[in-house]
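Input: a single structure, listed below in structure tokens.
The values are calculated or read from the model by the stated rules, or taken from the named source; none is laboratory data. Small disclaimer: the values here were computed from a predicted structure and weren't measured. Heads up, the Cβs are rebuilt from the backbone with ideal geometry, glycines too, and the neighbour counts pull from every protein chain shown. Please note that ligands, DNA and RNA were not included when accessible areas were found on the heavy atoms of the full protein model with its side chains. Shrake-Rupley method; radii C 1.70, N 1.55, O 1.52, S 1.80 Å.
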Amino acid sequence: MSSSQKSNFSLVVYISRTKAKKNGEVPVLMKININGERVVLQLQRSLQPKDWDSKRAKVIGRSHEAREFNDYIDSVITRTRQKYSELITMHDTVTPQLLRDAVLGVNTAKAKMIIEIWEDHIEGLRKLIGKESTYATCQKYNAAKNHFSNFLRIKYKVSDVPIKSIDHYMVTEFGMYLKTEKGCNFNTTNKFLQNLKRITYRCLRHGWILKDPFAGISLTMKEVDRPYLTEDELKSIMEYNSSFERLTRVRDFFVFSCFTGLAYADVKKLKRCEIERNEAGYWIKTKRQKTGGRANVPLLDVPMQIIAKYVQLDLLEADDLILPIMSNQKMNAYLKEIADFCGITKKLSYHIARHTFATTLTMMNGVPIESVSKMLGHKNITSTQHYARIVDKKVGEDMERLSTKIGSRLAMSF
């Protein structure tokens, strides 16, 4: 029996006379043909060859048994056609093997769902923490996944969609959702979209989708100003004293990062074994939590004094933490209080300490960019060049003031 739903899809039901059982019965099979490929499905029925009508692909006769046998064959054909129709809405390419699995109820025929794939990717990253991944990377992928999941619920009223559904329109709509509903800025939006792009790229590599939904979409970042403290502003914080112990601790830890360039996460995990001593003095030699890059920073007097205030290095075990730093959220909240007390109008956050180290403490004092890059733990000097532009701006402003000052005294006569 031959049935065609589309020109490239057909079903053929037949018996295999070469596979006869001891009682003489032969199995009934169904051949699935799609685009020149084929696979055979056993129908779990057998009969005597003399009872089979090859032209009609039916059991001969009108007995109850014959009608029941033929109804079963018709139901299998109908189910196969229905599954084929479902699959072509979920997959770019439907193979005979995929259709056979769908008829048999095998999981491989199920559509690949974007949130499921995303969660699998995050789980893989978690297993690689400390090797090829970091906790921060997992957090970023999870945050992006949660945003996309919420977007699906709001925009499409579903919790997940087949990966095949991710197209150019959905990507741009997700970007709009991030900017409008979530209030994300340009760069933050693009970072979340980059996370989605990595998931769709994975699907492309595995052959789960055939077209790149990000084709023609640029995810480059805009250059942004990196806030930092001037020397006078840093000095005002260093000289700030409070009767509140929590504010004093926050000041100390913030200044520590201003003189070492360590991010909050790196200060929080800093252990005794990451502080080494050589003929040049004490050094912090650590692996950055965010990127895994190596940061080598010589400890100046100020950070050494801060360490000595809280611990005795010689009494610590290798895995003992150096500074009893509080949560990043509390640090940032208390830094705003300190900024108010010190008359600093900039929006002070802990990460500004890292920027201050890169600019005010190092580059503005003539430290070469290569050395700054090594101390910051940047894997690529391009990341450090952002700070160099700030220094160039400062040099330009200084030269403008110089031009104004000497312009009337040192003028050319033509």
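Counting only C-alpha contacts under 8 Å and six or more residues apart, can you give the relative contact order of segment 137-212 as a whole percent? The partial results should precede the final answer.
On the way: 39 pairs, mean separation 23.8, N = 76.
In percent, rounded to a whole number, it is 31.
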Open item on the list: For a quick check: with amide H placed at 1.01 Å from N, whose amide H comes under 5 Å from ARG45's, ignoring anything fewer than 5 positions away on the same chain?
Closed with: VAL28
Task: Translational diffusion of segment 1-150, µm² s⁻¹ [Kirkwood Rh, Cα pairs; Stokes-Einstein; 37 °C; 0.692 mPa s] - done: 176
Open item on the list: Quick check: net charge around ALA143, other residues with Cβ under 11 Å of its Cβ, Lys/Arg +1 and Asp/Glu -1?
Closed with: +4
Task: Mean residue ellipticity (222 nm) of the chain, computed from DSSP H runs ≥ 4 via -39,500 (n - 2.57), nearest 500 - done: -15500 deg cm²/dmol
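Against the 2.2 N^0.38 Å scaling, with N counting residues, where does segment 237-360 land? I'd like the Cα-based Rg ratio to two decimal places. The partial results should precede the final answer.
On the way: Rg = 14.2 Å, N = 124, 2.2 N^0.38 = 13.7 Å.
Here the answer is 1.03, to two decimals.
With a cut-off of 8 Å between alpha carbons and a minimum separation of six or more residues, what is the relative contact order of the chain in percent? Numbers along the way, then the final one.
On the way: 512 pairs, mean separation 41.9, N = 414.
With pairs under 8 Å counted, the relative contact order is 10 percent.
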Task: Between helix 64-90 and the chain: long-axis angle, C-alpha atoms, 0 to 90°, nearest 10 - done: 30
Task: segment 39-86: mean projected area of Cα convex hull, nm² - done: 4.0
Open item on the list: Taking the square root of 5 times each eigenvalue of the Cα gyration tensor, what semi-axes in Å does the equivalent ellipsoid of segment 75-215 have, largest first?
Closed with: 31, 18, 12
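What number do you get for segment 1-71 when its Cα radius of gyration is normalised by 2.2 N^0.38 Å, N = residues?
Details: Rg = 13.0 Å, N = 71, 2.2 N^0.38 = 11.1 Å.
Taking the Cα Rg and dividing by 2.2 N^0.38 Å, one obtains 1.17.
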- [ ] Report, to the nearest 10°, how far helix 381-406 tilts away from the longest principal axis of the Cα atoms in the chain, using its own Cα long axis and a range of 0 to 90°.
- [x] 40
- [ ] State the volume of the convex hull built on the alpha-carbon positions of the chain, expressed per residue in Å³ and rounded to an integer.
- [x] 279
Task: Candidate lysines - alpha carbon under 18 Å from LYS235, same-chain residues fewer than 8 apart omitted - done: LYS336, LYS346, LYS347
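Going by the alpha-carbon gyration tensor, a ≥ b ≥ c the square roots of its eigenvalues, is segment 225-272 rounded (a/c under 1.5) or, if a/c is not under 1.5, prolate (a/b greater than b/c) versus oblate? Could the numbers behind the result be given before it?
Values: a/c = 2.27, a/b = 1.10, b/c = 2.05.
Oblate, because a/c is 1.5 or more while a/b does not exceed b/c.
More than 19 angstrom separation, counting every C-alpha pair in segment 191-265; what % is that?
Here the long-distance tail beyond 19 Å is 61 percent of all Cα pairs in segment 191-265.
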Open item on the list: Can you bin every Cα-Cα distance in segment 147-278 into 10 Å intervals starting at zero and give me the percent of pairs per bin, rounded to whole numbers?
Closed with: 10, 26, 20, 19, 18, 7, 0
TODO: May I ask you to evaluate 6.51 cos²θ - 1.76 cosθ + 1.60, the Karplus curve with θ = phi - 60°, for each residue of segment 347-355 and list the ³J(HN,Hα) values in order in whole Hz, giving x for glycine and proline?
DONE: 6, 7, 9, 4, 5, 4, 4, 5, 5
Open item on the list: For segment 54-127, I need the span (max minus min coordinate) of the C-alpha atoms along each principal axis, in Å, sorted largest to smallest.
Closed with: 63, 22, 16
Task: Rg to Rh quotient for segment 134-224, alpha carbon positions, Kirkwood Rh - done: 0.95
Task: Over segment 292-359 - Rg/Rh using Cα atoms and the Kirkwood inverse-distance radius - done: 1.01
- [ ] DSSP loop (so not H, G, I, E, B), at most 13 other Cβ within 10 Å: list which GluC sites (Glu not before Pro) in segment 170-228 pass both filters.
- [x] GLU181, GLU223
Open item on the list: Keeping all protein chains in the complex and leaving out DNA, RNA and ligands, what accessible area do you get for LEU104 with a 1.4 Å probe, in Å² to the nearest 10?
Closed with: 110
- [ ] Run a plain Debye calculation on segment 171-222 (Cα atoms as equal point scatterers, no solvent) and give log10 I(q)/I(0) at q = 0.24 Å⁻¹, rounded to two decimals, same order as the q list.
- [x] -0.90
Task: Proximal lysines relative to LYS21, as straight alpha-carbon distance under 19 Å, when same-chain residues fewer than 8 apart are discounted - done: LYS50
TODO: Averaging over all projection directions, find the projected area of the Cα convex hull of segment 264-314 and quote it in nm² with one decimal place.
DONE: 3.7
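Which value, in Å³ per residue, describes the convex hull spanned by the Cα atoms of segment 148-199? Before the final figure, lay out each step's value.
On the way: hull volume 3.6 nm³, N = 52.
That works out to 70 Å³ per residue.
May I ask you to derive the relative contact order of segment 26-145, considering only C-alpha pairs under 8 Å and at least 6 residues apart, and to give it as an integer percent? Walk me through the intermediate numbers first.
Numbers: 106 pairs, mean separation 19.6, N = 120.
Dividing the mean separation by the residue count of segment 26-145 yields 16 percent.
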